[in-house]
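Have a look at the structure that comes next, please.
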Amino acid sequence: MSATRLLVLGIMRMHGRAHGYQVRRDLLAWGADKWANVQPGSIYHALKKLAKDGLLTQVDQEPGEAGPDRTAYRLTEDGETEFQLLLSRLLSDAECGADELNAAMSFLPALPRRHAIALLRQRTAGLAGVRAAVGFGLDNDLGKPPHIRELYLLWEAQVASSLAWTNRLIETLESGEYVMADDPGHAFGSPPADAANAADTADTADTADTAK
């Protein structure tokens, strides 16, 4: 669910406003159903849950094409906070699953460069701990059947591969590759230029309606 939640928030953030069909279309076009196990039904469930939690707010409804009306949403301030926290957690947690890491990598440029590097360093520290635990299991029989050693060797290879990949990514970011959130230019995953103005206008209108 964390992967779907992050991806839906990220798509909403990119567009400024979007409806469920648009979010679904984008994620399926990215192939997220394969590399993040995002199912079409879970996208609409996530939208409703995010709106219920106050992380999305309804903007308007658009006529559907030979179907029900489409509800358009935009990210709230709490939604932006949730996006940043979830992205940071999934990128830094060495024990999160492949779906979650894949989702986090999709929006890596939404982070400032130094912050992304710091999160990846946290990930390497966690991976080092996992490697130590796997090494302990590999070096100690503890009554395991002999063939289970192959399983520990598989885990050891997977952790070593993850460590090498993470360290290479850190070096890549340190060299200045990719446009990140605090770099000149438009970073992938950034809100459209007019999104902040649109949000301010909507908030002002909401305040005015409440005051009446």
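What FRET efficiency comes out for the pair GLU156/LEU28, r = Cβ-Cβ distance, R0 = 35 Å, nearest 0.05?
0.45
When the helix-only estimate is applied to the chain (DSSP H runs of n ≥ 4, each -39,500 (n - 2.57), divided by the residue count), what is the mean residue ellipticity at 222 nm, nearest 500 deg cm²/dmol? Could you put the intermediate results ahead of the total?
Details: 9 runs with 138 residues, N = 212.
Helix contribution divided over all residues of the chain: -21500 deg cm²/dmol.
Going by C-beta contacts inside 10 Å, put TRP155, TRP165 in order with the fewest on the left. Don't skip to the answer; put the middle values down first.
On the way: TRP155 17, TRP165 11.
Arranged by neighbour count, lowest to highest, TRP155, TRP165 become TRP165, TRP155.
At a Förster radius of 35 Å, what calculated FRET efficiency corresponds to the Cβ-Cβ distance of ASP53 and ARG121, to the nearest 0.05?
For R0 = 35 Å, the calculated efficiency reads 0.70.
Number of Lys pairs in the chain with C-alpha atoms less than 29 angstrom apart, excluding same-chain neighbours closer than eight positions? Each step should come with its number before you reach the end.
On the way: LYS34/LYS48; LYS34/LYS49; LYS34/LYS52; LYS48/LYS212; LYS52/LYS212.
Lysine pair count for the chain: 5.
Using a Förster distance of 22 Å, how high is the FRET efficiency between THR81 and ALA133, based on the Cβ-Cβ distance and rounded to 0.05?
0.10
Pairing the Cα long axis of helix 77-92 with the longest principal axis of the chain, what angle in degrees results, from 0 to 90 and rounded to the nearest 10?
Once rounded, one gets 10 degrees.
Answer rounded, prolate or oblate for segment 56-171, using the Cα gyration tensor with square roots of eigenvalues a ≥ b ≥ c: rounded when a/c is under 1.5, else prolate when a/b is larger than b/c, else oblate.
prolate
OK, next. Looking at segment 1-93, which GluC sites (Glu not before Pro) are in a loop (DSSP not H, G, I, E or B) and have at most 16 other Cβ atoms within 10 Å? Working shown, then result.
Numbers: sites: GLU65, GLU77, GLU80, GLU82; in loops: GLU65.
Answer in residue order: GLU65.
Let me ask something else. How much net charge surrounds GLY79 when only the other residues with a Cβ under 9 Å from the Cβ of GLY79 are counted, with Lys and Arg +1 and Asp and Glu -1?
The answer is -3.
Would segment 2-83 count as rounded, prolate or oblate if I go by the C-alpha gyration tensor, calling it rounded below 1.5 in a/c and otherwise prolate when a/b exceeds b/c, oblate otherwise?
Working: a/c = 1.72, a/b = 1.03, b/c = 1.67.
It is oblate, given that a/c is not under 1.5 and a/b is not larger than b/c.
With contacts defined as alpha carbon pairs under 8 Å and 6 or more residues apart, what's the relative contact order of segment 2-83 in percent?
Here the relative contact order equals 37 percent.
Among [x] 130; [y] 112; [z] 157, which one is volume of the Cα convex hull per residue in Å³ computed from these coordinates?
Label of the calculated value: [z].
Extension gain ASN37-ARG114, at 0.36 nm per residue separation less the Cα-Cα distance, in nm? Walk me through the numbers on the way to the answer.
Numbers: separation 77, 0.36 × 77 = 27.72 nm, distance 2.96 nm.
Between ASN37 and ARG114, full extension yields an extra 24.8 nm.
Something else about it: For segment 107-174, rounded, prolate or oblate, judged on the Cα gyration tensor with a ≥ b ≥ c (square roots of eigenvalues), a/c < 1.5 rounded, else prolate if a/b > b/c?
prolate
Just so you know, all these numbers are worked out from the coordinates, no wet-lab data involved. Not measured: the values here are computed from a predicted model. Every residue, glycine as well, gets a Cβ built from its backbone with ideal geometry; the counts of neighbours run over all protein chains shown.
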